[in-house]
Amino acid sequence: LPIPYDIETDELLGGKTGRIIQIQFSTGPGEATVVPYTDLYIDLLKKIFLLPNEKWDWNGRLFDRIRLRQHGFELRGEFHDLMNAWAHLQPNFVSSKDVTDDEKAIPSRLMRLQACMSFYYPNFGPWKAAYRPAWDWRWARQQLPLPVRLYGAKDVDATCRLGHKLFVDLR
């Protein structure tokens, strides 16, 4: 089975260090496991990324995988950046106003996870602003606030759902 995953860093909460605060996984649409990035779970998290299973991420090649390696993770298995899959399916989403000096000339708005979800699952609804905490919460060795966990769960659920749809459309 593929392992859709997503990470959250302290930047979600206004931090600037890029420190991982949680990693979430999905085993199927509507399912998410949110794991706080604490000493108690780091070994387990590292073992998951050593599995030979495919890993699905959104913009992972430019963010998540870099952060994971910076935190000492060894990444095994085949990795698929679903943002690239979406870019292949929607090559005309790039306009002259978009940044075009990167790998795929991916536009800033239409290539976002939320935008892709609105095409495939319009009833999923917006979650990016709904669960983003409005306070500056400092990392501590306690459970993350519920909005941060819900935000991560929705992100990885969306990644899982889209992975299944995008690969069908690519075929």
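The values are calculated or read from the model by the stated rules, or taken from the named source; none is laboratory data. Only a predicted model underlies this, so the values are computations on that prediction, with no experimental measurement involved. Because the Cβ atoms are built from the backbone with ideal geometry, glycine has one as well, and the counts that use them run over all protein chains shown. The protein model used for the area step is the full one, side chains on, heavy atoms only, and it has no ligands, DNA or RNA in it. Shrake-Rupley method; radii C 1.70, N 1.55, O 1.52, S 1.80 Å.
Is it the case that the stretch 115-127 has a residue that's modelled with pLDDT under 90 and within 25 Å of E54 (Cα to Cα)?
Yes, the stretch 115-127 contains at least one residue that is modelled with pLDDT under 90 and within 25 Å of E54 (Cα to Cα).
Could you list, in sequence order, the residues of the stretch 138-171 that are modelled with pLDDT of 95 or more, charged (D, E, K, R) and in contact with a Ser or Thr (Cβ under 8 Å, 6 or more places away or on another chain)?
Within the stretch 138-171, D157 is the sole residue that qualifies.
Would you confirm whether any residue within the stretch 35-44 is closer than 26 Å to F124 by Cα and over 14 Å from the mean Cα position of the chain (by Cα)?
yes
Which pairs have Cβ atoms under 8 Å, sit 6 or more apart or on different chains, and link a residue in the stretch 54-66 that is touching a residue at least 60 places away in the same chain (Cβ under 8 Å) to one that is part of a loop (DSSP other than H, G, I, E, B)?
W56/P2
Can you go through N84, N53 and tell me which one is modelled with pLDDT of 85 or more and open to solvent by 40 Å² or more (accessible area, probe 1.4 Å)?
Result: N53 is the single residue among N84, N53 that is modelled with pLDDT of 85 or more and open to solvent by 40 Å² or more (accessible area, probe 1.4 Å).
Out of the residues in the stretch 59-81 that are assigned to a strand (DSSP E or B) and over 14 Å from I48 (Cβ atoms), which is least open to solvent (accessible area, probe 1.4 Å)? Full working, then the answer.
Within the stretch 59-81, the first condition is being assigned to a strand (DSSP E or B), and the residues that meet it are 79-81.
Cutting the leftovers down to over 14 Å from I48 (Cβ atoms) gives us 80-81.
Values: H80: 42, D81: 14 Å².
Among those residues, the one meeting the criterion is D81.
Restricted to the stretch 19-33, and to residues that are polar (S, T, N, Q) and open to solvent by 50 Å² or more (accessible area, probe 1.4 Å), which residue is modelled with the lowest pLDDT?
Per the stated criteria, the residue is T27.
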